[in-house]
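Colleague: Sharing a structure, written as structure tokens. Questions coming.
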Amino acid sequence: MAAADDLTKPLAGARRSGGGRGAASRVPWAGILGSLLAVAVGGVGLFLLMTDDPLGGEPHALVPIETGIADATRDFADEPTGGARIAEVPRDRPGNPGVVEDSSSGVTVVRPDGAGGGQSIIISIPEEARDIRSRADQTRQSPREASEPVGALDPAPDQRLVEQSRYGALPRVGDDGARPVEVYSRPMPPGSAGAPARVAILVTGLGISQSVTGDAITRLPPDVSLAFAPYGGDLDRLVARARNAGHEVMLQVPMQPFDYPQNDPGPHTLTVEAGEEANLENLHWVMGRFTGYTGIVNFMGGRFTAQREALEPIIADLAQRGLGIVDDGASSRAQIDALARAADVPVARADILLDVVAQQEAIDDMLRALEEQARERGFAMATASALPITIARIEAWARGAAGRGITLVPVSAAFSEEVGG
């Protein structure tokens with residue numbers, strides 16, 4: 001009977017009554033795994049708390065910061081005459097590790113994946129840092145006269161001098177006779193009228209590169225005038241920043257070169273073939289890009305400025321709007337000077353182009369030649385492109401200019417020199 005009972009017992013019951021395998025099925029695996037996971041998470045957290053790692057354990061790399069660009073800020077008299085080493089490390093080249101990180105400036109440099117070299121970099125400048133830097137720029141001492149404070153120019157536009165158009169605000173002569181060429185100009189430095197050697201410098205091509213434009217505004221003395229191209233973004237803000245730092249501002253107008261359109265200055269270029277009406281339309285489009293300029297300067301324009309019939313309507317429009325004009329000195333065939341004088345438009349022509357060869361030694365040679373012309377004639381003017389090497393060399397030159405008997409003046413002073421009032 002017992003054997004029969006054994007034969008009829010359920011198999012599951014037999015397994016449960018055994019010792020080994022039934023006991024194993026009651027082990028709390030879920031609890032054990034949860035405990036192990038908690039221990040692992042706690043260990044990682046403890047490691048992060050005890051490790052001085054501001055990146056929280058994320059992959060990172062230390063990137064060396066080169067400072068070759070700082071060489072360009074040494075005193076002009078101490079600079080070597082050979083080499084173009086600064087030009088080899090352009091300050092605004094994407095991916096260049098030679099960006100100076102100043103903890104007091106609020107600048108943060110982030111290199112994705114810890115890469116340098118050819119990889120991109122991200123530079124973030126908080127607004128409050130910009131405001132602090134802007135105020136510091138305004139109080140920076142001028143190389144012309146150490147005791148003279150640098151003052152901001154009045155905000156633009158002056159509403160007396162604004163004509164509303166479909167292109168934006170265009171300059172005009174005020175009802176009281178006020179002209180932009182005078183209202184927007186930088187006051188002459190005290191005592192400069194009788195100075196024996198006066199120099200004016202106009203740096204062109206601003207507004208395209210934000211970094212280069214910022215360099216020109218902050219590093220160049222306020223008496224260096226700045227010309228903005230019409231194609232940049234946020235031009236009103238950049239021009240306002242330049243004027244707030246004391247710089248007189250001009251507008252670059254694209255004009256037809258001899259090899260146009262293979263060499264194209266850009267949209268809305270004034271051309272010989274376009275005719276008077278189309279050229280004035282293009283001129284007004286360019287004029288409406290920002291406000292606060294004293295006049296215009298040609299961008300290229302070898303062919304256009306050599307054609308009297310094409311240039312005359314442009315000069316007449318400048319006369320009606322109370323603007324001046326600068327000939328950048330690149331073309332010996334330009335008719336700008338003669339036509340402007342005939343129309344009573346303030347005019348000046350550059351004597352020297354500083355950076356035809358964009359190398360340190362060549363630019364320094366041109367600056368020395370500019371000094372010599374100023375000493376011989378009492379006044380000399382130069383134009384230059386907004387290149388990092390050019391900005392660096394002008395900055396270094398200007399630092400010791402007063403000690404060499406040179407008085408730096410804004411470009412509006414050239415109008416007085418050329419026209420006599």
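Colleague: Based solely on C-alpha atoms, express the radius of gyration and the Dmax of the range 247-359 in angstrom.
Modeller: Cα radius of gyration and Dmax of the range 247-359 are 13.3, 42 Å respectively.
Colleague: Consider just the alpha-carbon atoms of the range 172-287 and return their Rg together with their Dmax, both in angstrom.
Modeller: 16.6, 48
Colleague: Could you rank the peptides 276-284, 192-200 by their average count of other C-beta atoms within 10 Å per residue, with the highest value first? Don't skip to the end; give the middle numbers.
Modeller: Numbers: 276-284: 16.9, 192-200: 18.6.
Result, highest mean first: 192-200, 276-284.
Colleague: A further question follows. Largest first, how would LEU387, LEU354 line up by accessible area (1.4 Å probe)?
Modeller: Output order, biggest surface exposure first: LEU387, LEU354.
Colleague: What number in nm² do you get for the range 244-296 if you take the convex hull of its Cα atoms and divide its surface by four?
Modeller: 4.4 nm²
Colleague: With all protein chains present, calculate the accessible area of PHE258 using a 1.4 Å probe and round the result to the nearest 10 Å².
Modeller: 110 Å²
Colleague: Place the peptides 159-170, 403-414 in order of packing, highest mean first, counting for every residue the other Cβ atoms within 10 Å and averaging per peptide.
Modeller: 403-414, 159-170
Colleague: Taking K and R as +1 and D and E as -1, what net charge do the other residues with C-beta under 12 Å from the C-beta of PHE290 add up to?
Modeller: Summing Lys/Arg as +1 and Asp/Glu as -1 gives +2.
The values are calculated or read from the model by the stated rules, or taken from the named source; none is laboratory data. All values reported here derive from a predicted model rather than from experimental measurement. No Cβ is skipped: glycine too gets one built from the backbone with ideal geometry, and neighbour counts run over all protein chains shown. Heavy atoms of the whole protein, side chains included, go into the accessibility calculation; ligands, DNA and RNA do not. Shrake-Rupley method; radii C 1.70, N 1.55, O 1.52, S 1.80 Å.
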